[in-house]
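Read through the structure below, which is laid out as structure tokens, and then see the notes.
The values are calculated or read from the model by the stated rules, or taken from the named source; none is laboratory data. Computed from a predicted model, the values in this text were never measured in an experiment. Cβ placement follows ideal geometry from the backbone for every residue including glycine, while neighbour counts extend to all protein chains displayed. To get the accessible areas, we keep the full protein, side chains included, count just its heavy atoms, and leave off ligands, DNA and RNA. Shrake-Rupley method; radii C 1.70, N 1.55, O 1.52, S 1.80 Å.
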Amino acid sequence: MTPRPRSVEAAPGALPRVGIVNLMPHAEQYEKWLTPQLAAAWPFEPQWLRISTRRYHLDDPEHIAANYLTYKEATAQAPLDGLIVSGAAVEHLPFEEVRFLAELDDMVQATAAQGAPILGLCWGALGVGHLLFGLPARIHATKVSGMYPTERLVDDGPIAAAVDDRFWTTHSRFAGFDDDALDASGTVRAVARAAGPAGTVIAESRDHQVVMHIGHPEYTAHRLVDEYRRDRARGVDGVPAPAHVDLDHPVNQWRSHSLAFFASWIRLVHDRAPAR
């Protein structure tokens with residue numbers, strides 16, 4: 001997969017390489033969600049990354065073997081120019097109980113040390129914030145699920161300059177940032193927040209290298225409904241109906257935000273990638 005806009009062409013071999021650490025259940029399904037959201041971005045070479053200790057038992061092993069590399073394999077010849085860390089179904093766990101955290105830490109620290117941009121999504125945002133800045137996560141008794149109107153707090157920087165003053169974001173999680181700890185960190189700032197339980201939605205390091213989006217901008221319109229019905233069928237406690245979502249006729253009101261957000265982050269990768 002090489003997302004490229006209609007109007008931009010690049011010489012072969014000149015594209016920046018972005019590693020995508022896919023921690024989501026049903027890895028192939030996640031690929032189909034994320035790929036269209038990168039369609040408006042400048043061209044780049046994506047490399048799906050796997051955790052060596054994960055079995056990927058919900059996926060076709062031939063697909064994983066053919067399309068995924070470990071971080072060590074992906075960087076054997078050259079470093080990556082950017083790193084995306086997906087969400088994961090572990091937000092209910094303390095960080096020290098996440099079995100793949102040490103391997104993810106190696107990837108994140110190595111990418112940060114070379115100055116390449118890092119993007120964390122949903123739990124990936126919490127994991128990146130914890131590993132690089134020591135940010136704590138706040139676990140919620142009730143799931144934050146639904147669409148929430150979100151306010152941009154700052155207007156400088158590559159991400160803030162690309163998103164609207166007010167926009168919808170979609171969430172499906174039992175954990176979030178501790179807003180007070182984030183504001184007191186001195187190394188990270190909130191870029192956008194939503195009222196109510198969603199809290200800080202987008203945060204970034206002061207030098208803009210690290211971006212953390214606690215939502216799921218890559219989700220489809222029906223995904224929130226599917227997760228709600230799945231959780232109810234499993235008898236999961238603390239799962240309200242997704243806010244601002246019609247369960248029978250869900251509508252995607254965050255697509256334009258998603259396209260602008262991902263495009264602006266990929267532009268950051270281009271801007272910071274070394275000349276080849």
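Here's how it looks for Gly199: its modeled amide H is under 5 Å from those of Ala194, which are all 5 or more places away or on a different chain. In this structure the amide hydrogen of Gly215, modeled in the peptide plane, comes within under 5 Å of the amide hydrogens of Cys122, none closer than 5 places in sequence on its chain. Each Lys and Arg contributes +1 and each Asp and Glu -1, all at the Cβ; summed about the Cα centre of the chain, the dipole is approximately 320 debye.
Taking the charge dipole of the range 205-276 about its Cα centre, with +1 at Lys and Arg Cβ atoms and -1 at Asp and Glu Cβ atoms, the residue from Tyr228, Leu268, His244 reaching farthest to the positive side is Leu268.
With a Förster radius of 45 Å applied to the beta-carbon distance between Gln114 and Gln253, the computed FRET efficiency rounds to 0.75.
Calculated over the range 17-168, the projected area of the Cα convex hull averaged across directions stands at 10.3 nm².
What the chain shows is 44 Å² of accessible area per residue, with the surface traced by a 1.4 Å probe over protein heavy atoms.
How much FRET efficiency would the formula 1/(1 + (r/R0)^6) give for Ala39 and Asp237, where r is the Cβ-Cβ distance and R0 is 45 Å, rounded to 0.05?
Between Ala39 and Asp237 the formula returns 0.75.
Length gained on full extension, His244 to Ala76: 55.9 nm, using 0.36 nm per residue less the C-alpha separation.
Within the chain, DSSP assigns beta bridges of which about 55% are antiparallel (rounded to the nearest 5).
Throw me the Rg/Rh for the range 171-254, computed over C-alpha atoms with Kirkwood Rh, two decimals.
1.04
Each residue of the range 176-184 was assigned a 3J(HN,Hα) from its phi angle through the Karplus curve 6.51 cos²θ - 1.76 cosθ + 1.60 (θ = phi - 60°); the sequence is x, 5, 8, 4, 5, 5, 5, 5, 8 Hz, with glycine and proline shown as x. In terms of its Cα atoms, the range 89-157 spans 35, 35, 17 Å along the principal axes, sorted from long to short. Here the Gaussian network model covers the chain, with springs between Cα atoms less than 10 Å apart; of Trp33, Trp254, Trp48, Trp33 fluctuates the most. Distance between Cα centroids, the range 124-156 to the range 34-65: provide it in whole Å. Each part's Cα centre sits 23 Å from the other's.
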